[in-house]
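Working notes for the structure below.
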Amino acid sequence: MNLSEDQIRELAIQAVKELGDKATPEAVQNYIENELAKSGKVQFNKNNTSGRVILTSFGLNATGIVSSITKTLSDCNCDILDISQKIMQEFFTMIMMIDISNSEKDLKDIQEEMNRIAESLKVKIYLQHEDVFRFMHRI
Amino acid sequence: MPYDFEEILETIKMTEIEHFDIRTVTMGISLRDCADRNISVTTQKIYEKIMRLGSNHVNYAKDVERKYGISIANKRISVTPIAIVGDAFGEDEFVKIAEVLDKAATEVGIDYIAGYSALVQKGMTNGDLNLIKSIPVALSTTKKVCSSINIGSTKAGINMDAVNMMSEVIKHTAFLTKENDSIGCAKLVVFCNAVEDNPFVAGAFHGVSEPEVVLNVGISGPGVVLDAIKNAGRVDFQSLAEVIKKTVFKITRAGELLGRKVAERHNIPFGIVDISLAPTPAEGDSIGDILIAMGVEDVGAPGTTAALAMLNDCVKKAGLMASSSVGGMSGAFIPVSEDASMIRAVERGNLSLEKLEAMTAVCSVGLDMIAVPGDTPATTIAGIIADEAAIGMINDKTTAVRIIPAYGKGVGEYVDYGGLLGRAPIMPVRLISSSNLVLRGGKIPAPIRSLTN
């Protein structure tokens, strides 16, 4: 983002006029972000950490596991980025990489949804943020 | 997929099967600005500060747990050594501070609050003396408060007057908490070379050179290392070292990630990750089992110290590679009551107090959670503390004694606390006397640092 000194000063004066005594660090930040977003110069991504989550599922194989999980994910507006599924002997294993940044639900809600269907399907479903795998397995 | 199937399953296996968890996220809070000549003002300031900074600690830690799928066993707070905050106070007033710490800890929902401490390796102020005298009452009237006293260091030598005083304090604490298997002693540590950024209780305190507020994290994970060693099979020592280092590297990385995220939520600086392998009483989550998997028949067999030395060294090497903020104790803990395999070794008569003492020369931290007969003389306890402090002083490392002279109990009986503190069989102590040695009093002078042969 490139703003000239004049533009920054102008923004600061506007913020002082608008917020006055009510200014708190959060209020100033919100105000500036809104103004910049309105001007169309900068897009703020509120979730600046990546929204990529690894979903791991395993249990005894049965019909309909993948479809139940993917249906729930699509209901939550989650994007499936990658999927890898294997049957090892009679065990079903599936690993998905999903993006939850467009979902109106947060990770906790989606985990709760998954716990519900995991129970009915008699499989285990874990959702963990991608960072934990990146930190453990990539230098 | 940017990660292999095996990599993802390895992480899931660690968290779901091998008990990998983060042992503690400990928020360090400076209470130096709470000092006042009036005790009510001091306790009010302490209460308000802990409530202000700590009230979200448990919630933030829970959010991060959920996000990464790794559980955080304990949420704790450490504070400035209370003897510094209340240097002008008497015994009763120190107890009031302990009570307000306990109250604040209960209200913010944390597991322990530590820092009812004094650093007296060189000598005592009036405040230090009063705090030490108040420990038995303070620990018997509170639940979550933990206390530690530093009685020696490589630079200052060992303050034997303080050692004698602490052995009496330990005995008295055991007596005052006799209804609960002398549990007060499980919350009391005597240190040599105490560290300022340790996140593990009971020895945590927020050192004087630490910032206003900081977040430190202590990892765990003996179960993960145990499985890796078992899977490696019969390989030579270099290959075994590789296996241990690779595993510890991964768990340290995860620990640092979680610690940083909790600190980020608080908007406070991240301090250190303590890479200690801390066992729990759960089956398989044990340092003793690691030593057995390395090849000794039981903990205490000749070779145990060598195996532990290598384990400890590998933990440090891998941890230092994985994080640039390593601190605290950072080694392998061998608390008897918190480790199922160590308990068994004591029950079978394979592990003696003397062998444990030798083991503490090569690992962190010291004689930890050891129950001894209630009639053990204070001078014998002083002798045990002095021995352990001497190991720390000469080897320039932290050593500690957390010993429980279980009031009214003898060899063959148990103390049982449940939870992370576990249960300990009462170990026999040699009956020969140390009193003429320890009661000389004064100080053992600081040691020479060269000619280390």
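Note on A:97-109: average number of Cβ atoms from other chains within 10 Å of each residue's Cβ is 1. Here B:Asn56 and A:Ser84 are evaluated by their C-beta separation; at R0 = 35 Å the FRET efficiency comes out at 0.40.
Remark: accessible surface ordering of B:Phe237, A:Phe135, B:Phe333 (largest first) is B:Phe237, A:Phe135, B:Phe333, probe radius 1.4 Å. If you take the square roots of the eigenvalues of the alpha-carbon gyration tensor of the protein assembly as shown and sort them as a ≥ b ≥ c, do you get rounded (a/c under 1.5), prolate (a/b over b/c) or oblate? It comes out oblate by the Cα gyration axes. Looking at the protein assembly as shown alone, DSSP beta bridges between its own residues are antiparallel in about 55 percent of cases. Amide H to amide H distances under 5 Å link B:Gly422 with B:Tyr417, where only residues 5 or more positions off or on other chains count and H is placed in the peptide plane. Which one of B:Thr43, B:Ala114, B:Tyr60 is farthest out on the positive end of the charge dipole of region B:35-130, using unit charges on Cβ (Lys, Arg +1; Asp, Glu -1) and the Cα centre as origin? The residue sitting farthest along the positive end of the dipole is B:Tyr60.
What the Cβ-Cβ distance of B:Tyr414 and B:Lys143 gives, at R0 = 30 Å and to the nearest 0.05, is a FRET efficiency of 0.90.
Note on surface exposure: B:Asp298, B:Asp92 rank B:Asp92, B:Asp298 by accessible area, highest first, 1.4 Å probe.
What residues in region B:4-39 lose 40 Å² or more of accessible surface when the other protein chains are added to their chain alone (1.4 Å probe)? Those are B:Phe5, B:Glu7, B:Ile8, B:Leu9, B:Thr11, B:Ile12, B:Glu16, which lose 40 Å² or more relative to the chain on its own. Chain B against chain A buries an accessible area of about 2800 Å², both chains summed, 1.4 Å probe radius. Please compare each pair in B:Lys144/B:Lys187; B:Lys187/B:Lys317; A:Lys86/A:Lys124; B:Lys103/B:Lys171 to a cut-off of 19 Å on the Cα-Cα distance and tell me which ones are over it. Among B:Lys144/B:Lys187; B:Lys187/B:Lys317; A:Lys86/A:Lys124; B:Lys103/B:Lys171, the Cα-Cα distance tops 19 Å for B:Lys187/B:Lys317; B:Lys103/B:Lys171. If the segment from B:Ser324 to B:Phe175 were pulled out straight at 0.36 nm per residue, it would be longer than the present Cα-Cα gap by 49.2 nm. Counting only protein heavy atoms and a probe of 1.4 Å, the accessible surface of the protein assembly as shown is 50% carbon and sulfur. Note that chain B presents 37 Å² accessible area per residue, ligands and nucleic acids not counted, probe 1.4 Å.
Taken along its three principal axes, the alpha carbon spread of region A:52-137 comes to 34, 30, 18 Å, from the longest extent down to the shortest.
The values are calculated or read from the model by the stated rules, or taken from the named source; none is laboratory data. The structure presented is a predicted model; accordingly, all values stated were derived computationally and were not measured. Cβ atoms come from the backbone with ideal geometry, glycine included; neighbour counts cover every protein chain shown. These area figures cover heavy atoms from the full protein model, side chains too; ligands, DNA and RNA do not enter into them. Shrake-Rupley method; radii C 1.70, N 1.55, O 1.52, S 1.80 Å.
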